[in-house]
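Here's the structure, in structure tokens; my notes come after.
Each reported figure results from applying straightforward, stated rules to the coordinates on display, with no laboratory input. Just so we're clear, the structure is a prediction, and the values are computed from it rather than from any experiment. Ideal geometry is used to build each Cβ from the backbone, glycine not excepted, and the neighbour counts take in all protein chains shown.
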Ligand SMILES: [Zn+2]
């Protein structure tokens, strides 16, 4: 939180400075251009590194599995297990990684997935959205790039003077700092996560060294969780407790 406060204060100060002393802008041209190039590069790299977003966004079942991945990770974190990360790599499966050697914990992972499903079905939908999700990183890169691009456009509309461009850019970045986390969660809600299922259950959990073409590093244990999901609410729809290992 203090980092956000420092960044916002520095940006506010810089915005006031460029408006109060336009001569400063002569020194800002190259740093701003370099920053713009960096932001654009990060934006392109982020899209290229996360092609899975298209796949998840286009398939309702994968979006449900993605939400179950987040919720399982949240429950494991509450259980104080050392979660490293996770990803969703199919319509009926996701992966969670623990730091260290935990291959014996398949039953705990299955139990966490079952509890996560029960809590979502009981109305705790927020469990399915995770701040550390790749969707949020991609949206952060996209919105930062947009903030820069629109501030340049806005400056042109306002007369194109350098101080106005710098001031608008700084204000746009300040707004981005305040909004990037809620925007990331909103993007998950709209495009990559769904909690719209009638029933679901984990049907198998296994520790694997390689999942979907990715190899687990030696200091992590990867678990693949297979789930059976009924997308729409149906009569009954209770979470079945039985789990095969
Ligand atoms: Zn995610």
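Observations
- Hydrodynamic radius by Kirkwood, which averages 1/r over all alpha carbon pairs of the stretch 3-96, in angstrom: 17.3 Å
- To the nearest ten degrees, helix 60-78 and the longest principal axis of the Cα atoms of the chain are 90 degrees apart.
- Between the alpha-carbon centres of the stretch 33-99 and the stretch 135-152 there is a gap of 18 Å.
- At q = 0.07, 0.08, 0.13 Å⁻¹, base-10 log of I(q)/I(0) for the chain (Debye sum, equal scatterers on each alpha carbon): -0.32, -0.41, -0.83
- Three semi-axes of the equivalent ellipsoid, the stretch 30-162, Cα gyration tensor, whole Å, largest first: 38, 16, 13
- Spherically averaged projected area in nm², based on the convex hull that wraps the Cα atoms of the stretch 167-209: 6.0 nm²
- Against the chain, whose longest principal axis is taken from its Cα atoms, helix 25-49 shows a tilt of about 20°.
- For the pair residue 42 and residue 149, label points projected 7 Å from Cα toward Cβ lie 1.6 nm apart.
- Computing FRET efficiency as 1/(1 + (r/R0)^6) for residue 23 and residue 179, where r is the C-beta to C-beta distance and R0 is 25 Å, gives about 0.20.
- The chain: angle of helix 162-187 to the longest principal axis, Cα-based, in degrees nearest 10: 10 degrees
- Exposure proxy order (Cβ contacts within 10 Å, fewest to most) of 120, 64: 120, 64
- The ranking of 144, 68, 208, 226 by Cβ neighbour count inside 10 Å, starting from the fewest, reads 208, 226, 144, 68.
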